[in-house]
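Below: one structure, written as structure tokens.
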Amino acid sequence: MPAPRKIRKPDIKMVILGDMNVGKTSLLHRYTERSFKDTLSTVGGAFFLKQWGRYNISIWDTAGREQFHGLGSMYCRGASAIILTYDVTNWQSLLQLEERFLSLTDSANDDCIFAVVGNKADLTDPYAQTIMPEDVGPEESAISATPSSCPTPPQTPTIHKQVKREDAIALYSRIISYKALDEDASPVADKMCFETSAKTGYNVDALFETLFEHVLPSIIQKQVRTKSPTVCLEGYEEEEEKKRKADCCT
Ligand SMILES: Nc1nc2c(ncn2[C@@H]2O[C@H](COP(=O)(O)OP(=O)(O)O)[C@@H](O)[C@H]2O)c(=O)[nH]1
Ligand SMILES: [Mg+2]
């Protein structure tokens, strides 16, 4: 009989939250797949695994359930880092973070850290329009393959920016008070508020790398507490698949 397959359990759980259409799935896709697709379906892909050095990080997406107010507090249980995402062109999406999503984070770890992320910066800020060379996926390189004698000038963004970075920083400070976190011990607002573009890759690596660096102490503490870093997944994947199919049909 073959030995049961053992896969290393994720060392840390991260969660991405925010209103529908702010670009959560696109941000995760950009970071893990290094590409951008205009039409990405969230359904199905609710869980990303990222190897960071010798650590396994799980990043949870909403699987589209935010649309139906269908995210329970279970979703953030055990999370060490939470990314609260809004769309810089949509003021309402920032309000929603406080009104709808912040309370879901009550079940996260006590030492959970937060990032506030304004996505779609390419629509409003010229500096966010440049595609990082290392971020050019096959689709983008095909699109931008123009003859070198006729370079395409960067487009001038035309969409009005509704959320300023200061508004996000103010929200971050309110989160620290709401969570009753020690302001001196928490990462400073300026470091944890990002403007990103999943489309061009602008600031996406910086966001995730900063979060990973901040959760590292928490990973190490957890490893000291739990002796076994492995989990037996035999039978688990089939169960999960069954549950996923059942969820889809309800
Ligand atoms: N211009 C621009 N569009 C984006 C960006 N991120 C996502 N989008 C688009 O916004 C829409 C919603 O993205 P999606 O990732 O599905 O959002 P989610 O519902 O929060 O997961 C899609 O049409 C994306 O192509 C971005 O950084 N810039
Ligand atoms: Mg999505």
(request) Just rank LYS222, LYS199, fewest to most, by other beta-carbon atoms within 10 angstrom. (result) LYS222, LYS199
(request) Would you kindly derive the ³J(HN,Hα) couplings of the range 72-81 from the backbone phi angles with the Karplus curve 6.51 cos²θ - 1.76 cosθ + 1.60 (θ = phi - 60°), listing them in order in whole Hz, with x for Gly and Pro? (result) x, 6, 3, 4, 9, 4, x, 6, 9, 8
(request) Tabulate in residue order the Karplus-calculated ³J(HN,Hα) for the range 176-183, using 6.51 cos²θ - 1.76 cosθ + 1.60 with θ = phi - 60°, rounded to whole Hz; enter x for Gly and Pro. (result) 4, 5, 4, 7, 6, 8, 6, 4
(message) Taking the Cα of ALA170, stepping 7 Å toward and past its beta carbon, and measuring to each backbone N in the range 84-125: which are under 12 Å?
(response) 95
(request) Could you work out how far apart the two model spin labels at TYR178 and SER73 are, taking each label as a point 7 Å from the Cα in the direction of the beta carbon, and quote it in nm? (result) 1.4
(request) Please list the non-local residues whose amide H lies under 5 Å from the amide H of GLY118, H modeled 1.01 Å from N, same-chain partners needing a gap of 5 or more. (result) TYR86, PHE194, GLU195, THR196
(message) With θ taken as phi - 60° and the coefficients 6.51, -1.76 and 1.60, list the Karplus ³J(HN,Hα) couplings across the range 9-20 in order, rounded to whole Hz; mark glycine and proline as x.
(response) 5, x, 7, 8, 10, 10, 10, 10, 10, x, 4, 4
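Since every read-out is calculated from the coordinates, none of them should be taken as a lab result. Not measured: the values here are computed from a predicted model. Virtual Cβ from ideal backbone geometry, glycine too; neighbours counted across all protein chains shown.
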